[in-house]
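Right, one structure below, let's go through it.
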Amino acid sequence: MADKTKIRSSRRPEPVHQPGTRKGEEMLDAAGKEARRYHTEKTGAGRQSGKSTPRDVSGIVTKGPIDPRSPYLPPS
Amino acid sequence: MAIKARREEPPTPSPQLVEMAWDPITRIVGSLGIYTKLDFQQRKVVECHSTSSIFRGYSIFMQGKDPRDSHFITSRICGICGDNHATCSVYTQNMAYGVRPPALGEWILNLGEAAEYMFDHNIFQENLVAVDYCEQMVRETNPGVLEMAEKTEAPNADVHGYRTIADIMRACNPFAGALYLEGLQMSRLTREKFCLMEGRHVHPSTLYPGGVGTAGTIQVFTDYLVRLMKYVEWMKKMVPLHDDLFNFFYQALPGYEKVGQRRVLLGCWGSFQDPNVCDYDYRTMDDWGRAMFVTPGIVVDGKLVTTSLIDINLGLRILLGSSYYEDWENERTFVDRDPLGNPIDKHHPWNQTTIPKPQKRDFQGNYSWVMSPRWYDGRDYLALDTGGGPLARLWVTALAGLVDLGGYTKATGQSVKIRLPKTATKPEVEFEWKIPQWSNTIERNRARTYFQAYAAAAALHFIDKALEEIRAGHTKTWNEFTVPKEAIGCGFHEAVRGVLSHHMVIENGKIANYHPYPPTPWNASVRDIYGTPGPYEDAVQGTSIFEENGPDNFKGIDILRTVRSFDPCLPCGVHMYLGEGKELKVVHSPTFGRP
């Protein structure tokens, strides 16, 4: 087996970062905040909370929750 | 600090001493070698050295990387608890970036880590450790004990269904025993739970600084809960079963408590953050550390000496003495004061510079790639161990008496109570883990099964909390952050097998220094500059031999049980670096006949 093994050169190109992939914060700056999501109060140890509308969850335009007793239940 | 080893001359070997080595130790991860001198007349291990023959080098190639990649890179340190590293790195980054995940993000992370504890402890206990106590193994090493097991009724037979201890042992037989096979099935369920929370096992894909990418929905938590309740039912059988099995060894082999016993020197860095308290600010780290749902702390000789994460951090020292590295005393100091103004030692992970120096193994000099992490209490450099993880976690949590998870778990000051609710076929059950008399092989293994139940109970609490957030409409799981140009951070967590810390220094927006310290560098550490042996060495040295075989067919079962009780994981022990990318030729060398 050993004589069939090809020993490749130990000189390989160094790994190079491929430019062109934008950072998350750059995309946020360019595209703005995602629609139908909004910040609410801070909870606990200063942790930012946020909610989303049924439109965000379902991808469809809805008039409101399917049941007023469950205002945040996704409509679909 | 001088690095010259101060060692006494080795004692003149006794004529009845036999040198025996297990290299590699099987049924663990990585390359661990245990080299002993045994006195068969006295039935004792006289001397032990633990050695690891792999060098990795994460601390070297992390330099210059984008800090936001650190959790993805450090996750690859380990193929079984990579998520623990990712989590610890996320904690470290949260501190460095000053970002706090939304509460729901933290509960999801806690649920992922709870699933990891349930998975990893389960597969290790049922498929790797249990083999040391199975019928086949006991027949080969202690036939007299098996004979006694056949006649001994299992006290909890009505709960687990095995009439005698020998029946339990038969169920532990590898590949054929019922418990061995059930253990594999349970491991699958726990991995599924993990993937629901962190996207992928074992290298999470939805874990980031500032939160998680998992979409928190009622459905995802229900899917987790369905699997969790099956695991809870399994625990109701396995905790009493392991109690029966391990208690039997004390009964069958008087003096067995001496096997693997060492001084109680336990460290736990805490697990499961409380989003109501934790703000990831170093200056308030003591407060949010004590609010963790597994309490951080250090136990010395049975006394809880601290629960302060700041004290724990300041006392960290990475010593050399028997390792293949050069000292970094004259290298750069990255952090001279912590954010509270406390001085940071040159041998603290924030200031470590890794300088590998490959050399021949010499048990009178340097013999391992593992360094010697110690905790400095102001007087001594303590060779803490983790008790395989669960022993230290339960011991510290019990003594601190801080945890009360809404009735699911409660620390009482001398014990930890774990309440598991009604499941499909079993009623509600309460277990109580009591602080044992010894830090030894059997108690490390017993604690593991209790901590599996603890993790399950904690997960029930986390699901309640996550669903509260969902019902309030708080679906946000991730918060924005920016990477500062200059910052430091540290993260404290519990990898499955014990303490885990990450320390990072950022300069010019890139990593200037990064040092992960997982549990195995602590447990597998070697004799330091003061000659203090590491925990494996200490626990094996002086241990009694109960195996009935003589030197000719000696298996070393008591030694192997001891080493495995720490749940060794050598890829964590040293961190692979191949310099300029030299091609290595791989040669397969079968090792038939290895125990």
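Read-outs throughout are calculated quantities, based only on the coordinates presented, and are distinct from any laboratory measurement. Remember, predicted model here, so these are calculated numbers, not experimental data. Here Cβ is always computed from backbone atoms with ideal geometry, including for glycine, and neighbour counts include all displayed protein chains.
Structure above, values below:
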| quantity | calculated |
| --- | --- |
| Distance between region B:202-216 and region B:458-510 - C-alpha centres, whole angstrom | 10 Å |
| Region B:136-266: relative contact order in percent, alpha carbon pairs under 8 Å with at least 6 residues between | 24 percent |
| Residue-averaged 222 nm ellipticity for chain B, from DSSP H runs of 4+ at -39500 (n - 2.57), nearest 500 | -11000 deg cm²/dmol |
| Over 27 Å (Cα to Cα) - which of B:K346/B:K485; B:K193/B:K236; A:K33/A:K63 fall in this group | none |
| Tensor-based shape of chain B (alpha-carbon gyration tensor, a/c under 1.5 rounded, otherwise prolate or oblate) | oblate |
| Cleavage-rule hits, GluC sites (Glu not before Pro), region B:395-500, DSSP coil, Cβ neighbours within 10 Å at most 14 | B:E428, B:E480, B:E486 |
| Where trypsin sites (Lys or Arg not before Pro) fall in DSSP loop in region B:445-551, at most 15 other Cβ within 10 Å | B:K485 |
| Relative counts (whole %) of C-alpha pair distances in region B:433-516, using bins that are 10 Å wide | 13, 23, 27, 26, 11, 0 |
| Rel. contact order, % - alpha carbon contacts under 8 angstrom, at least six apart, region B:332-488 | 13 percent |
| Inverse of mean 1/r across different Cα pairs in the protein assembly as shown, Kirkwood, Å | 26.1 Å |
| Residues in region B:88-110 reached by a label modelled at A:E34 [backbone nitrogen below 12 Å; 7 Å Cα→Cβ] | none |
| Principal axis box of region B:325-436, alpha-carbon based, largest edge first, Å | 61, 40, 28 |
| Region A:19-60: radius of gyration over Cα atoms, expressed as a fraction of 2.2 N^0.38 Å | 1.50 |
| Convex hull volume per residue for region B:13-156, taking Cα atoms only, in Å³ | 183 Å³ |
| Prolate/oblate/rounded label for region B:177-226 (Cα gyration tensor, a/c 1.5) | oblate |
| Cα-based shape type of region B:187-325, given that a ≥ b ≥ c are square roots of the gyration tensor eigenvalues and the cut on a/c is 1.5 | oblate |
